Amino acid sequence: MKDSVAEEHLYLDFSHQYRDSIFPLHTSVSLFLLSYCDCKLFKVFLVPTSEDVGAQFVTKNLLGDLEVHLISRCQLPVVVQSCCLPAVVVKDGKFCRAGLSVVLRHIIQKTYEADPSKKDVLELLGFKKTCLKACAEVSQWTRLCEISIPLAVEGFLTASPEHCQTIPPDILKLERKLGEPVRVHNDDKIRRQKLQQQKADAKAAVPVLGKEAREEGKTVEMHEHPLPSLELNIAFSKLLVQEVSDAVSREAPHIRRTKTSDLPLLDHVFAEGLYFTLADIVLLPCIHQFLVSSKKQGKNLVNLPLISGWYRRVQEVPGVKKAAGKCHMEFLQLPDLMSAPEEQLQDFSSVPDELEEENEDSHFIGGPRPTMTKLMENGIEAKFSPHPCPNWTLDWTNLPSAVSPGEGK
């Protein structure tokens, strides 16, 4: 109990200020979450990466109503000096939590412990409270949110004009992720609701469309809306602590008899699916900076319709605009973009996959050799014996990528 009420110190890197963000982006993300949670439980320290950062910055922009202190790297507690920031440590304690996802999850949990009425904050951890719980070395999704996207945006912002003409591969990867079908724990029920809504909408629309077609002498093609209102209804009803209407939840007999394989797939509303989570909090300051920079350079965002739609929806989440105001983050008002032709998006998305495979192969460091070297350097000798089945081979190309020993780097 004593530890739960002890003051904790949060240490964040500070390299520079650019527009309405503090860099590195991990620091902007941490400050944005503190503002969103309205959390004052931590004593916040900025750790300059160079000696020329002025103390006058701390009392001015982008910190909202947070009290922030400057501290040099040599003044950090010993347990923090060997960690990558952000990091949290109990005052005068020896236990340290380090890494963006670990620190953000801890901020959420401490906020809820201090005020159990803030259930919306706890909901950021998602179903079974596992959002961004798996480390980046194991989870592709955590790696994308925690490492790849922030680094890609920082690289995009600092690149020379001739080198930032193309959309970063990791941004395109997020665009593809937002286009994948959504799976949630009550997947079957919601998909049946969606099927019923589609049939009701089609039944109501056909007579009107038929009349128009007869008058104009044209054939009418029906296209499914890219983001049906059911997903939005469910997502925002949870945010506003409302129940989905009975008209949507009741199922007709023929809907109940429909095979699961024949049910329509669900579309993304937020980063992980239907519900607003910590992943959205992490991505928002990063994608915001990317979109602002792209707009200033006059780039056309037609190839990122899903990210643009996600960016607009996140702004409507209760508390997000208030938190953005505290952090002096001025949201862009993006138009409703139509999806680019499928073949065009395939051309865009084929490049990052190839690059990612090359990078993963070239950057993989592991296996028995480094381990054996470390053992021998410390006077430990390993004895080898031949493999009992030397003729065994594995076709890695036909196995899921997660099975590969190199997947987690």
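Some notes on this structure:
- Interchain or long-range residues, amide H under 5 Å from Ala87's placed H: Tyr11
- Phi angles across region 35-41 convert, under the Karplus curve 6.51 cos²θ - 1.76 cosθ + 1.60 with θ = phi - 60°, into 3J(HN,Hα) values of 5, 5, 7, 6, 9, 10, 7 Hz, Gly and Pro given as x.
- Amide H to amide H, with H built 1.01 Å from N, Ile22 comes under 5 Å of Ser28, counting only residues 5 or more places away or on other chains.
- For region 90-148: rounded, prolate or oblate by the Cα gyration tensor [a/c cutoff 1.5]: oblate
- Of Lys173/Lys295; Lys129/Lys238; Lys238/Lys326; Lys40/Lys129; Lys110/Lys322; Lys119/Lys296, those spanning more than 27 Å from alpha-carbon to alpha-carbon: Lys119/Lys296
- Compared with the alpha-carbon gap, the fully stretched path from Lys321 to Ser385 is longer by 16.8 nm at 0.36 nm per residue.
- Across region 11-19, rounded Karplus estimates of 3J(HN,Hα) from the backbone phi angles (6.51 cos²θ - 1.76 cosθ + 1.60, θ = phi - 60°) give 10, 10, 5, 9, 9, 6, 10, 9, 6 Hz, Gly and Pro being marked x.
- Of the peptides 147-160, 125-138, the order by per-residue mean of other Cβ atoms within 10 Å, starting with the highest, comes out as 147-160, 125-138.
Every number in this text was worked out from the coordinates using simple rules, so none of it is lab data. No experiment lies behind these values; they were computed from the predicted model shown. Backbone-built Cβ (ideal geometry, glycine too); neighbour counts: all protein chains shown.
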